[in-house]
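Beneath this line is the structure, given in structure tokens, with notes to follow.
Read-outs: derived from the displayed coordinates by stated rules, not from any lab. All values reported here derive from a predicted model rather than from experimental measurement. Cβ sites come from the backbone with ideal geometry, for glycine too, and all protein chains shown count toward neighbours.
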Amino acid sequence: MSHDLTLTINGTRQQIALDDPRVTLLDLLRERLHLTGTKKGCDRGQCGACTVLIDGRRQNACLALALSHDGAEITTIEGLAEGDTLHPVQAAFVAEDGMQCGYCTPGQVMSAVGLIAEGRAGTDPERIREGMSGNLCRCAAYSGITRAVLAAAEEMTTTKGERKTA
Amino acid sequence: MSVAKPLPHDAAPLHVTGQARYIDDIPVPANTLHLAFGLSERAHAKVTVLDLGPVRAAPGVVAVIGPDDLSPMPDCSPSIHDEPLLAMGEVHYAGHPMFIVVAESHLAARRAARLAMVTYEDLPALITIEQALAANSHFEGGPVTWQIGDAAAAIAGAPRVLKGSIEIGGQEHFYLEGQAALVLPQEGGDMVVHSSTQHPTEIQHKVSEALGLPMNAVRVEVRRMGGGFGGKESQGNHLAVACAVAARATGRPCKMRYDRDDDMMITGKRHAFRIDYHVGHDDRGRILGVEFLQLAQCGWSADLSLPVCDRAMLHADNAYLIENMRIESHRLRTNTQSATAYRGFGGPQGMLGIERVLDHVAFAVGREPLEVRRANFYGEAGGQPPDPRDISAQKKQQVTPYRMPVEDFILHGLTARLEESSAYLARKAEVARWNAANDVLKKGIALTPVKFGISFTLTWLNQAGALVHVYQDGSVHLNHGGTEMGQGLFQKVAQVAASGFGIGVERVKITATDTGKVPNTSATAASSGSDLNGMAVKAACDTLRGRLAEFLAERHQVSPAEVLFEGGRVAVGGAEYGFDEVIAMAYQARISLSATGFYATPKITWDRVKGQGRPFFYFAYGAAVSEVVIDRLTGENRILRCDILHDAGASLNPAIDMGQIEGGYVQGAGWLTTEELVWDDRGRLRTHAPSTYKIPACSDRPRVFNVALWEGANREETVYRSKAVGEPPFMLGISALMALSDAVAACGDGTVYPDLQAPATPERILAAVKRVRGD
């Protein structure tokens with residue numbers, strides 16, 4: 001039995017036929033669409049490595065059944081940059097070296113994009129740390145991550161309207 | 001010069017765009033098979049029936065490999081050949097791999113692995129340190145004892161004596177990228193292995209041994225790991241060997257990655273310890289003699305437990321000159337996961353033992369703990385290394401309990417600076433005022449030092465090789481034996497290479513670690529990555545630069561010493577060329593533009609049977625001040641502030657070193673606070689996922705976090721006089737536990753020592769609060 005759905009992934013509308021209704025969005029992205037930038041850390045919604053944006057909101061792709069998001073717009077780490085121009089959050093993570101091993105980084109970046117879009121963290125480092133606490137970094141590059149989110153939030157506020165933020 | 005610049009990680013642009021590839025991201029051939037282990041559900045049992053029929057019949061299963069299908073059974077041990085790939089008739093821990101499922105998909109393999117019909121006959125299981133000790137279940141036939149002076153006599157003659165004990169929990173590595181391997185069969189039975197490992201040569205060795213092939217038939221490649229922390233020094237062997245065996249059996253590429261729960265159930269963790277101490281001291285807190293009993297939970301196989309426990313003994317002194325010390329180390333065999341390497345490699349446990357003693361002694365004599373620590377410190381090193389021809393150098397040297405001279409001690413100066421920059425004493429007074437005014441929330445503060453020995457204690461491992469090519473266009477291809485796990489090794493080593501040629505680091509391509517390029521590598525471990533590989537790369541670059549200088553010097557009739565490489569240019573006898581021009585000229589002149597480099601750490605000698613010698617090239621130092629708050633009614637707690645001053649020598653890359661220091665502290669504090677491993681009485685690990693095992697999150701980081709590098713070059717001739725920085729900062733986290741102990745002490749009247757155990761979870765803090773309050 002086939003289960004059809006339509007997803008717009010990184011701006012491209014795709015018809016997808018699933019043979020199993022239990023496929024998670026994470027497995028769909030990684031194993032069937034070969035978008036391996038989204039990482040599988042724990043596969044149970046606890047580490048945040050698989051964070052993507054579903055209709056602009058950050059979610060753990062490992063806990064999202066693909067079929068239940070029929071019609072949704074998905075943004076993954078691969079869809080953030082515009083050509084060679086990094087998204088401000090990506091650029092800030094590089095500039096602040098907000099990483100060590102890098103495995104959690106795609107999730108951190110997506111989560112930061114979502115957090116800034118939510119507009120609740122502002123420029124308060126304490127609220128940013130709280131808002132980013134669903135994304136574990138075992139290397140504990142938390143100082144760099146916090147600095148990167150602060151810098152990107154500031155950059156995106158000052159250049160608002162000049163470029164798309166996510 | 002590239003060296004000493006605070007450059008970000010080389011792969012940062014790849015990480016932020018999702019392009020950086022880990023094993024699970026490598027595109028695989030369409031016929032690739034996927035593996036899963038079937039695991040034991042019992043801690044110790046005879047397997048009377050292992051019916052794999054239902055597994056074989058499951059959808060998508062291509063093959064099932066059981067213990068009877070392999071002869072001889074491949075071994076996965078990194079040490080004493082006591083770890084067969086699959087349990088043979090007897091399981092030794094809950095999670096022990098019993099058979100391999102080879103299937104068309106990862107999911108099919110995992111589903112089928114649950115279908116085996118197993119009948120067990122339970123045997124007595126040793127789960128705890130106490131059970132193993134009572135059963136006399138030892139590796140090496142019994143305890144190992146090292147000593148200096150006469151601890152028993154010193155304690156007997158001391159004005160004051162105390163005894164105590166601290167339980168120290170283990171720690172799950174929780175590398176965000178789980179264990180993974182991919183094996184691609186080649187022509188003639190050769191194998192190419194992609195492994196998430198800190199030790200490519202060990203993977204090559206175990207795979208070739210398993211297949212009965214010479215090592216030259218197996219090539220191992222590692223571009224990066226998503227975290228290692230020691231957990232990928234030996235624990236990747238099983239996946240690579242299983243894939244190799246299955247690839248040979250099926251002739252198809254085979255891949256295995258552990259699901260997170262399986263990873264935590266199967267793989268080894270940091271050793272849990274119990275350390276008992278018996279101390280003789282004077283009224284001022286000067287320690288006259290110590291007897292340590294170090295009890296280590298090693299798990300079911302030896303793995304790396306022996307050198308881990310050695311290193312715990314080697315750090316039983318930490319920063320303190322104690323002339324009478326006896327350390328008795330028990331390496332206990334238990335029916336739990338085989339404990340393995342983890343950042344610090346036993347050093348943190350040994351160091352925590354003596355820091356606990358200092359905390360306890362300071363409490364007993366009622367003096368400021370930092371003053372008591374200082375009173376016991378080794379003497380500060382002078383400005384220059386001692387001159388061996390100097391007669392005064394023959395006076396009695398200060399030595400560690402294993403008789404290594406301490407010649408580079410800087411903790412008097414370093415802690416004085418930190419005391420000042422962190423306003424330690426003023427804040428201590430503030431904490432006392434707070435505690436006097438608040439009944440429920442109590443604060444604590446502590447400063448603890450770190451002195452950590454740098455070198456592998458297996459002396460022969462202290463070697464490294466490198467391979468450097470310069471292509472016709474002047475671009476540089478760099479390879480060495482170290483692996484990248486996020487510690488920034490590749491960037492640091494590329495900076496060394498760029499500095500060697502006087503070019504920008506962007507001209508250096510860092511390539512995946514590959515046993516086909518640099519052979520016989522040591523594990524990237526013991527903090528030694530940049531010390532060893534940096535020097536090997538420097539040696540290769542020196543060779544190449546020497547050839548280029550000689551060639552140009554001859555053309556310009558000057559001495560090679562007058563040829564200068566700087567800023568991407570080469571100056572010689574009044575002329576100046578671009579680096580790429582020089583390379584093009586040298587190529588046409590038929591100069592070899594490829595070189596290997598090699599390095600072996602000097603000065604080290606070690607007799608582990610006697611426990612004497614110089615196991616370390618040098619020591620790395622640091623100190624941290626942590627301030628915490630606890631809720632005495634619930635045991636909840638937070639780290640409010642942390643100030644660190646750490647010695648990375650003349651840093652190769654201050655940004656990367658600061659990252660290692662901050663990350664090390666947070667991970668170390670996590671070990672001693674929130675990270676708790678719980679086995680039930682049947683030996684099943686109950687904390688096998690991040691839902692129950694809590695590592696520090698972004699919000700757990702101290703609110704105020706001031707980190708600085710100590711400015712001072714390494715006295716020993718390391719690469720650009722830098723110091724290793726991977727492990728030492730981990731032990732700065734001990735200050736968090738001691739600050740919690742201080743906060744708990746503030747809940748009582750000062751007569752009862754908190755006796756806080758680790759990890760200091762809210763439950764343990766609450767128990768300690770009750771203790772000091774006499775509730």
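Taking 27 Å as the straight-line reach from the Cα of B:Lys603, the lysines in range (excluding those fewer than 8 positions away in the same chain) are B:Lys395, B:Lys396, B:Lys451, B:Lys492, B:Lys538, B:Lys723. Here the extension length gained between B:Trp460 and B:Ala600 equals 49.5 nm, from 0.36 nm per residue of separation less the Cα-Cα distance. With each pseudo-label sitting 7 Å past Cα toward Cβ, what's the B:Ala135-B:Thr751 distance in nm, one decimal? A separation of 4.3 nm, rounded to one decimal place. Near B:Lys428, once Lys and Arg are set to +1 and Asp and Glu to -1 for all other residues with Cβ below 15 Å from its Cβ, the sum equals -1.
Shape class for chain B, computed from the alpha carbon gyration tensor (a ≥ b ≥ c): oblate, with a/c not under 1.5 and a/b at or below b/c. Both numbers refer to the Cα atoms of chain A; Rg and Dmax are 15.7, 51 Å. Full extension of the segment from B:Glu562 to B:Asp276, taken as 0.36 nm per residue of separation minus the current Cα-Cα distance, would add 96.7 nm.
Using the average count of surrounding beta-carbon atoms within 10 Å as a protection proxy, the listed peptides B:739-751, B:500-512 rank, highest first, as B:739-751, B:500-512. Take each peptide in A:17-28, B:323-334, B:30-41, count the other Cβ atoms within 10 Å of every residue, and average; sorted highest first, the result is B:323-334, B:30-41, A:17-28.
Just tell me how shielded A:86-98 is by partners: mean number of partner chain Cβ atoms within 10 Å of each residue's Cβ, no decimals.
Averaged over the peptide's residues, the number is 4.
Placing a pseudo-label 7 Å from each Cα along the Cα-to-Cβ vector at B:Asp681 and B:Thr145 gives an inter-label distance of 3.5 nm.
Note on B:Thr119/B:Arg56: beta-carbon distance plugged into 1/(1 + (r/R0)^6) with R0 of 22 Å gives a FRET efficiency of 0.80.
Sorting B:Ser592, B:Ser530 from the fewest to the most surrounding beta carbons within 10 angstrom yields B:Ser592, B:Ser530.
Can you give the FRET efficiency to the nearest 0.05 for B:Tyr587 and A:His34, using r as the Cβ-Cβ distance and R₀ = 60 Å? Mind showing how you got there, number by number?
On the way: r = 40 Å, r/R0 = 0.66.
Computed FRET efficiency for B:Tyr587 and A:His34 comes out at 0.90.
How much of the DSSP beta bridge set in the protein assembly as shown is antiparallel, as a percent to the nearest 5? Mind dumping the intermediate values first?
Numbers: 120 of 149 bridges.
Looking only at bridges with both residues in the protein assembly as shown, the antiparallel portion is about 80 percent.
Counting only other chain Cβ atoms within 10 Å of each residue's Cβ, the peptide B:658-669 averages 4. Think of it this way: in chain B, B:Cys76, B:Cys298, B:Cys309, B:Cys541, B:Cys642, B:Cys698, B:Cys747 stand alone, with no other Cys Cβ under 4.7 Å. Each label point was placed 7 Å from the Cα along the Cα-to-Cβ direction; for B:Lys509 and A:Thr158 their separation is 3.8 nm. Taking a ≥ b ≥ c as the square roots of the eigenvalues of the Cα gyration tensor, the protein assembly as shown is rounded, since a/c falls below 1.5. Just the number, please: percent antiparallel of the DSSP beta bridges in chain B, rounded to the nearest 5. Here the share of antiparallel DSSP bridges comes out near 80 percent.
Roughly how crowded by other chains is peptide B:20-29, in terms of the mean Cβ count from those chains within 10 Å of each of its Cβ atoms?
Values: counts 9, 2, 6, 0, 5, 7, 1, 2, 0, 0.
Rounded to a whole number, the mean comes out at 3.
What shape does the range A:88-155 have by the C-alpha gyration tensor, where a ≥ b ≥ c are the square roots of the eigenvalues, rounded means a/c under 1.5, and otherwise prolate means a/b greater than b/c and oblate the rest? Here the range A:88-155 falls in the prolate category. Only the Cβ atoms of Lys and Arg (+1) and of Asp and Glu (-1) were treated as charged; on that basis the dipole of the protein assembly as shown about its Cα centre amounts to roughly 620 debye. Fully extending the segment from B:Arg433 to B:Glu368 would add 21.8 nm, taking 0.36 nm per residue of separation and subtracting the current Cα-Cα distance.
Only counting other Cβ atoms within 10 Å, I'd like B:Arg274, B:Arg374 sorted with the fewest neighbours first. Please report the intermediate quantities before stating the final value.
Numbers: B:Arg274 22, B:Arg374 19.
Listed from fewest to most nearby Cβ atoms, that is B:Arg374, B:Arg274.
Where both bridge residues fall in the range A:3-79, DSSP classifies roughly 90% of the beta bridges as antiparallel.
What value in Å³ per residue do you get for the convex hull of the alpha-carbon atoms in the range A:3-79? Don't jump to the answer; show the numbers that get you there.
Details: hull volume 5.8 nm³, N = 77.
In the range A:3-79, the Cα convex hull volume per residue is 75 Å³.
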